[in-house]
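Notes for the one structure printed next.
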Amino acid sequence: MNLLKTFLIIFLCGAASSAQEMIPYRKGDLWGFSDRSRNIIISSKYDYVEPFKNGFAKVGKNDLTGFIDATGKEIVPVEYAYAGNYSDGLFAVQKGDKWGYVDAAGKTVIPFIYGYGQDFNNGAAIISNDWVYGIIDKTGKLIVPVQYGTAEHFSDNLVKLLFEKKFYFADHKGKVSKALPYNYIGYLNDGLAFVRRSSDSKWGYIDSTGKEVIPCRYLEGKDFNNGRAIVQTEKGTGVIDTKGNFIIQPKYSSIDDMFGGFNNGIASARRDTVTILLKENGGEIPLPGGYSLVGQFKEGMMSAYVNNKLTFINEKGETVIPPTDKYNNVYPFDDGVTAVGKGNRSFTKWGYIDKSGQEIIPLQYDEAKPFKKGVAIVKKGNMWGLIDKTGKEVTPLKYGDLKETFDFKGIYEVKIKGKSGYIDSSGMEYFE
């Protein structure tokens, strides 16, 4: 008996871990799963599959959807019109024109009575009928009436509701707050979300419980990033911490938040017409006249334009790559190289340079993405492929589309001859 238990534990753990390595595999028009070496694990018998998530994969046949586990067993029969994801032990699924919820054994737990049902989150799910929203718990009990114009999860324990142009919060026990004094509520970053007060349009911040922890006193507020947020006051633009204290006094005309503000300790700012490199502690390095559009600081340098020429500078403002008019488009550095382009909005040719400014891959592509793990996505005409840092094609440029998968692990989704497929960063194709 103990040996049997040990075998089952090893088998289940192996199945769970293998699900992480399973890659959708297409044979002709049918889909299954293989490992990274193209060894078939689940035979190709579905019209479509999605990558495994939380131990299960969504599969489809004849325009119907279900779920399989890592062994290939259909734990939710392929008989539903649409389906959400496995969350809190339940799947949101649609049967006919109604949504309900089934468990990991495929058993109906909450009947099919809703026009739409979202995934559960920490014991609560948003449901709707006729585009009016409410909240249920895992027993199917309606804990917030179906009467709200919009509803979305704000935090692990709060749902943001809108009713007659006023915001409310509801907790996962069904307690609904009084009307909130805001006409805009952002999303949580670093545990805080910016809000705009209805009465005077001043901005402040609330925490994950909905409590206003930084008063509404700013003309504008940006998302927090690494414990800092850019805010604008009557005096100017500055940076606050999560307690609302100024780390950098509001004395700037603007602070660039294009890449979330500070990147590796550096942001660009302007005081009147002067461009400044701004450090997290408030230290600053004014740049000579003519500098503009300072980019993201990454791998020890950032792009900038000086007198309409592209250059790269370090954190001290020193020139690392001399100004040139050979390029007028650029990405931040990744893997020691960056994509550069020359042209206009309708026509640009792209190539790559290294940190010395040497052009290591000529301007020849219609689109070029940053390098990741030694390869980059490029496009010529209407065809996409992968290249390495020498410019050698890892895959021929033969795909109608090529993009990173959502949880990128060196796997790409492609289109070829009108059909979908997957490849890895070595060019191995998971289809035939």
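The values are calculated or read from the model by the stated rules, or taken from the named source; none is laboratory data. Everything numeric in this text was worked out from a predicted model, so none of it was measured. Virtual Cβ from ideal backbone geometry, glycine too; neighbours counted across all protein chains shown.
Going through the stretch 144-166 one residue at a time, which ones are buried (at least 20 other Cβ atoms within 10 Å of the Cβ) and over 30 Å from the mean Cα position of the chain (by Cα)? Result: no residue meets the conditions. Among the residues making up the stretch 44-63, those that are part of a strand (DSSP E or B) and either within 28 Å of the chain's Cα centre (by Cα) or surrounded by 15 or more Cβ atoms within 10 Å (Cβ to Cβ) (or both) are 44, 46, 48, 49, 53, 56, 57, 58, 59, 60, 61. Considered as a group, the residues in the stretch 232-242 that are touching a Ser or Thr at 6+ places or on another chain (Cβ under 9 Å) and in a strand (DSSP E or B) include one that is surrounded by the fewest Cβ atoms within 10 Å (Cβ to Cβ), and that residue is 232. Restricted to strands (runs of 3 or more DSSP E) entirely inside the stretch 189-231, no element has at least 3 residues that are out of contact with any Cys (no Cβ under 6 Å at 6 or more places or on another chain) and modelled with pLDDT under 95. Annotation note: of 268, 303, the sole residue that is of a type in the set (Gly, Ala, Ser), over 20 Å from residue 226 (Cβ atoms) and within 32 Å of the chain's Cα centre (by Cα) is 303. Against the criterion of being at pLDDT 95 or above, among the charged types (D, E, K, R), buried (at least 18 other Cβ atoms within 10 Å of the Cβ) and out of contact with any helix residue (DSSP H, G or I) (no Cβ under 9 Å at 6 or more places or on another chain), residue 26 qualifies. Only residues that are more than 22 Å from residue 275 (Cβ to Cβ) and among the β-branched types (Val, Ile, Thr) were counted across the stretch 213-258, and they come to 4.
In the set (1) over 32 Å from the mean Cα position of the chain (by Cα); (2) outside any strand (DSSP E or B), the condition left unmet by residue 323 is number (2). What are the residue pairs meeting all of these: first residue in the stretch 207-228, first residue on the phi > 0 side of the Ramachandran plot and surrounded by 15 or more Cβ atoms within 10 Å (Cβ to Cβ), second residue among the basic types (Lys, Arg) and not in a loop (DSSP other than H, G, I, E, B), Cβ atoms under 6 Å, and 6 or more apart or on different chains? Taking only residues 6 or more apart or on different chains, not a single pair turns up. Which one is farthest from residue 422 (Cα to Cα) among residues in the stretch 375-399 that are of a type outside the set (D, E, K, R) and exposed (fewer than 14 other Cβ atoms within 10 Å of the Cβ)? Among those residues, the one meeting the criterion is 390.
In the stretch 346-372, the qualifying residues are those that are in contact with a strand residue (DSSP E or B) (Cβ under 9 Å, 6 or more places away or on another chain) and hydroxyl-bearing (Ser, Thr, Tyr), and the one that is surrounded by the most Cβ atoms within 10 Å (Cβ to Cβ) is 365.
Residue 66: surrounded by 15 or more Cβ atoms within 10 Å (Cβ to Cβ), farther than 20 Å from residue 421 by Cα and not aromatic (Phe, Trp, Tyr), yes or no? Spelling it out, residue 66 is indeed surrounded by 15 or more Cβ atoms within 10 Å (Cβ to Cβ), farther than 20 Å from residue 421 by Cα and not aromatic (Phe, Trp, Tyr). Mind listing just one residue for me: the one in the stretch 176-188 that is over 28 Å from the mean Cα position of the chain (by Cα) and in a loop (DSSP other than H, G, I, E, B) and, of those, nearest to residue 239 (Cα to Cα)? Per the stated criteria, the residue is 181. Just so you know, in the stretch 167-194 the residues that are touching a Gly at 6+ places or on another chain (Cβ under 8 Å) and over 28 Å from residue 142 (Cβ atoms) include one that is surrounded by the fewest Cβ atoms within 10 Å (Cβ to Cβ), and it is 190. Filtered by the rule that a residue be in contact with a Ser or Thr (Cβ under 6 Å, 6 or more places away or on another chain) and closer than 16 Å to residue 194 by Cα, the stretch 154-169 gives 155, 168, 169. Considering the conditions (1) closer than 27 Å to residue 182 by Cα; (2) touching a residue at least 40 places away in the same chain (Cβ under 8 Å), residue 257 is excluded by exactly one of them, (2). Residues that are among the aromatic types (Phe, Trp, Tyr) number at least 1 in the following strands (runs of 3 or more DSSP E) confined to the stretch 79-149: 82-87, 90-95, 98-103, 108-114, 132-137, 142-148.
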